[in-house]
Amino acid sequence: MDVNDISRIGVIGAGLMGHGIALNFALKGFDVFLNDTTLESLERGMKDVETSLATLESVGLADGSSLAEVLPRIHTSTSLAETVAEVDFVVEAVFEDMGVKHDVFSQLDQMSPEHTILSSNTSSFMSSQLAAVTKRPAKVVVANWWNPPTLLPLIEVVRGPDTSDHTIDTTVQLFKKIGKRPVVLQKESMGF
């Protein structure tokens, strides 16, 4: 799978970072599957998407996209299995708790297609710590977006010891495709 084969993005966590990450991909025409644990969290996340898009429109940064075009590209669900059943790339954006992240990554590994790249928007944990609970360590990477993700272009892409070159290359090309500026860190370390 290369970057041109990626059409469906999973975003796990609809909060502060997740809603903005989902919006970034939807603005560039990707189908986004946004997951959170409650309907209330998803509703709040979608309201945040609308507010963020209105802000982008007001300053001329929405690429001519409107709510009517963008919102139908974002599909919400409280079912993780439903969310990731057919996605090509996942961005996990849950809160910074290793136990929670381990649980999420273990489930993502079991529920998402074999070709799917699993990334984490974390600045606290290393790729190897997340890959340890999967059977696909070559397809696990940290992709740390800067806040607010709708405005700041930088994404730190952190290679783990088992992350493949193909995963890094595909991740970097995907982020460039949506107008971001990925920077690859070749060696993981706490806090990068």
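Annotations
- Residue pairs exceeding 27 angstrom between C-alpha atoms, taken from 139/187; 101/180; 28/187; 28/139; 139/176: 28/187.
- When +1 charges are put on Lys and Arg Cβ atoms and -1 charges on Asp and Glu Cβ atoms, the dipole computed for the chain relative to its Cα centre reaches about 440 debye.
- Relative contact order of segment 52-122: 32 percent, from C-alpha pairs under 8 Å at least 6 residues apart in sequence.
- Mean separation of Cα contacts under 8 Å, 6 or more apart, over the residue count of segment 98-192: relative contact order %: 26 percent
- Added length on full extension, which subtracts the Cα-Cα distance from 0.36 nm per residue, residue 96 to residue 50: 14.0 nm
- Centre separation in Å (Cα based) which lies between segment 116-149 and segment 39-92: 21 Å
- For the chain, the carbon plus sulfur part of the accessible surface works out to 52%, probe radius 1.4 Å.
- Pair residue 185, residue 165: separation of 7 Å Cα→Cβ label points (nm): 2.3 nm
- Dipole of segment 41-111, positive end: most advanced residue of 66, 102, 83 [Cβ charges, Cα centre]: 66
- Inter-label distance, residue 40 to residue 114: 4.2 nm, where each label sits 7 Å from its Cα along the C-beta direction.
- Under 18 Å from the residue 66 label point (7 Å along Cα→beta-carbon), backbone N, segment 29-43: 29
- Annotation: per residue accessible area for segment 109-173 equals 40 Å², rounded to a whole number [probe 1.4 Å, protein chains only].
- The chain: relative contact order in percent, alpha carbon pairs under 8 Å with at least 6 residues between: 20 percent
- Probe 1.4 Å, protein heavy atoms only - accessible area per residue of segment 30-91 in square angstrom: 50 Å²
The values are calculated or read from the model by the stated rules, or taken from the named source; none is laboratory data. No experiment lies behind these values; they were computed from the predicted model shown. Because the Cβ atoms are built from the backbone with ideal geometry, glycine has one as well, and the counts that use them run over all protein chains shown. Just so you know, the surface numbers come from the protein's heavy atoms only, side chains and all, with ligands and any DNA or RNA stripped out. Shrake-Rupley method; radii C 1.70, N 1.55, O 1.52, S 1.80 Å.
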